[in-house]
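Asks: My questions will all concern the structure given below.
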């Protein structure tokens, strides 16, 4: 099977699957380039309210396929950072569903998601020290924001892999599920996310990620959106709300 990113949309959730079984789903240069384009397409799809990133088979992503990155280390790193930043900026909730290895560029992608759920036995590692590569500043800051400076330094200095117990304890993952339960939990959580107000989620995502300067934008969106009235009405009528605010505007 040729390496690829496949995707499907079902029940308002887009699932993007990293497929490169010959190399534990390592990302090729073509896959790094394809991810931002795919995300841009899904971002404006009104039928998508949440996104799951996962790997085919029993592993998430073992990093970058070095054999396909023939340019300079800086160029190769640029492809990964562009994909990571596109994922971090995706205007709807994102969730990494992790089985097996989540290493190098795989950990970079998982960290760029809003939430990370892992199956017991998954392994995580940030490994540029094995290759003599300077980890990008933006990726380092994102890692520090998740696990704190001490754990970030441990991961970056040692390039050692850690298990799900330590990943959960340090904040690298949000939940750890027994073997066989991950897919069911991801489906349940994303089904919930898809019913909530995208207006609330999009604004909260920007604020939580430290993106500032758009208070006036979100105030205007809130005033123009039917979501608040619908939410209050649904609460008073003791029914589930039907939120209709769509894709976040960029203005």
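Asks: Do the sum for the chain: with -39,500 (n - 2.57) for every DSSP H run of n ≥ 4, divided by all residues, what is the mean residue ellipticity at 222 nm, to the nearest 500 deg cm²/dmol?
Replies: -14000 deg cm²/dmol
Asks: Also, quick follow-up: Apply the a/c threshold of 1.5 to the C-alpha gyration tensor of segment 202-251 and tell me whether it is rounded, prolate or oblate.
Replies: The shape class here is prolate.
Asks: Okay, moving on. If a/c stays under 1.5 just call it rounded; otherwise compare a/b with b/c (prolate if a/b is bigger, oblate if not). Do that for segment 51-179, with a ≥ b ≥ c from the square roots of the Cα gyration tensor eigenvalues.
Replies: Judged from the Cα gyration tensor, segment 51-179 comes out rounded (a/c under 1.5).
Asks: Let me ask something else. According to the square roots a ≥ b ≥ c of the eigenvalues of the Cα gyration tensor, what is the shape class of the chain, taking rounded for a/c under 1.5, prolate for a/b larger than b/c otherwise, and oblate for the remainder?
Replies: Prolate, since a/c reaches 1.5 and a/b exceeds b/c.
Asks: If packing is taken as the average number of other Cβ atoms within 10 Å across a peptide's residues, how do 128-134, 232-238 rank, most packed first?
Replies: Highest to lowest by the protection proxy: 128-134, 232-238.
Asks: Now for a different question. Return the distance in nm (one decimal) between the two label points of a simple spin-label model at residue 230 and residue 130, each offset 7 Å from Cα along Cα→Cβ.
Replies: Each label point is offset 7 Å from its Cα along the Cβ direction, giving 4.6 nm.
Asks: For segment 47-126 and segment 180-212, write down the distance between their C-alpha centroids in whole Å.
Replies: Each part's Cα centre sits 17 Å from the other's.
Asks: Below 8 Å between Cα atoms, with a sequence gap of 6+, how large is the relative contact order for the chain in percent?
Replies: The normalised contact order for the chain reaches 16 percent.
Asks: Measure off 7 Å from each Cα along the Cα-to-Cβ vector at residue 66 and residue 212, then give the distance between these two points in nanometres to one decimal.
Replies: With each label placed 7 Å out from Cα toward Cβ, I get 4.1 nm.
Asks: Right, here's the next one. Between residue 168 and residue 220, what is the spin-label point distance in nm, taking each point 7 Å from the Cα along the Cα→C-beta axis?
Replies: Simple spin-label model gives 4.5 nm for this pair.
Asks: Determine which residues of segment 1-43 fall in the zone a paramagnetic label at residue 242 would reach in this model, i.e. backbone nitrogen under 16 Å from the point 7 Å along Cα→Cβ.
Replies: Correct set: none at all.
Asks: Let me ask another. Could the peptides 53-60, 189-196, 215-222 be put in order, highest first, of the mean number of other beta-carbon atoms found within 10 Å of their residues?
Replies: Highest to lowest by the protection proxy: 53-60, 189-196, 215-222.
FYI, it's all coordinate maths here, none of it is from the lab. Just so it is clear, the structure is predicted and the values come from calculations on it, not from any experiment. Heads up, the Cβs are rebuilt from the backbone with ideal geometry, glycines too, and the neighbour counts pull from every protein chain shown.
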